[in-house]
1. What are the residue pairs meeting all of these: first residue in segment 161-178, first residue within 24 Å of ASP148 (Cβ to Cβ), second residue within 13 Å of ligand 2 (Cβ to nearest atom) and acidic (Asp, Glu), Cβ atoms under 6 Å, and 6 or more apart or on different chains?
2. Could you give me the residue pairs with C-beta distances under 7 Å whose first residue belongs to segment 52-77 and is surrounded by fewer than 24 Cβ atoms within 10 Å (Cβ to Cβ), whose second residue is basic (Lys, Arg) wherever it lies, and which are 6+ apart or on separate chains?
3. Suppose we keep only residues that are away from ligand 1 (no atom under 16 Å from the Cβ) and hydroxyl-bearing (Ser, Thr, Tyr) within segment 1-45. Which one would you say is surrounded by the fewest Cβ atoms within 10 Å (Cβ to Cβ)?
Amino acid sequence: MKPMIALTKGRLEKQFLAFLQSKGYDITPLIDKGRKLQIETDDFFAVFAKGVDVATYVEHGIADLGIVGEDILLEFEPDVYDLLPLPFGKCRLAIAGEPGAPRPFGKQRIATKFPNITTKYFRERGKSVDIVKLEGSVELAPLMGLADNIVDIVETGNTLKENGLVIKEEMLSISARCIANRNSLKLKKSVLAPLINSFRIKEAAI
Ligand SMILES: Nc1ncnc2c1ncn2[C@@H]1O[C@H](COP(=O)(O)OP(=O)(O)OP(=O)(O)O)[C@@H](O)[C@H]1O
Ligand SMILES: O=P(O)(O)OC[C@H]1O[C@H](OP(=O)(O)OP(=O)(O)O)[C@H](O)[C@@H]1O
């Protein structure tokens with residue numbers, strides 16, 4: 001039985017396909033998939049979903065493995081095995097805002113797609129903040145007066161720059177991760193091992 005992998009659609013999808021190709025896998029069925037969400041390759045079955053749903057499919061054991069951004073794992077804390085880092089999807093989480101903006105008098109208001117990461121980060125530093133949850137275009141929030149600062153992903157820094165914002169504090173570096181269902185890892189080890197080991201950068205094989 002081939003392994004079942006849940007893949008994050010969009011940005012990580014393209015980078016993962018390039019990674020697979022570099023490892024010698026035939027990715028033709030994945031490239032030619034059109035709007036299909038379930039694909040079979042010579043080596044595995046793949047399903048395509050949004051990042052947080054990838055974690056859900058893996059947590060429930062529907063998918064054995066998942067390819068997901070570390071930000072999703074930190075924000076939603078799914079009950080999955082975080083197997084290994086992958087050499088793509090590299091970016092960082094940062095606090096950003098308008099340069100020279102005065103410190104707010106009371107609690108700082110932060111706009112973000114990541115309320116849990118943000119709350120935890122500030123709490124660990126003895127600070128309490130008000131969170132405004134957004135789903136995208138987070139950089140707009142300080143410009144529109146919705147928040148004092150933002151917590152968001154920064155890759156090239158172009159989005160910040162083109163909107164006149166600057167990094168105030170680097171929080172953490174993140175990358176794509178390969179996650180696994182806990183039972184799959186125990187029960188299907190021989191089926192999963194070749195795939196997992198081919199994804200490894202330096203760590204020892206399972
Ligand atoms: N600018 C970026 N550069 C590199 N990696 C990024 C960037 N933005 C997001 N990522 C990583 O890629 C993953 C998927 O991001 P992507 O933007 O494709 O999906 P999303 O954040 O769910 O947005 P959407 O709602 O548009 O699908 C994120 O979880 C994160 O780990
Ligand atoms: O540093 P950069 O290379 O400019 O990348 C960072 C941007 O990319 C992501 O947004 P995305 O493109 O996913 O759009 P979104 O606003 O819909 O979240 C992220 O939320 C930043 O806005």
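1. ASN163/GLU139; LEU165/GLU139; ILE174/ASP71
2. GLU70/ARG177; LEU73/ARG177
3. Taking the candidates together, the pick is SER22.
Any read-out appearing in this document is the output of simple, stated calculations on the displayed coordinates, not a laboratory observation. Because the structure is a prediction, the values reported are computed rather than measured. No Cβ is skipped: glycine too gets one built from the backbone with ideal geometry, and neighbour counts run over all protein chains shown.
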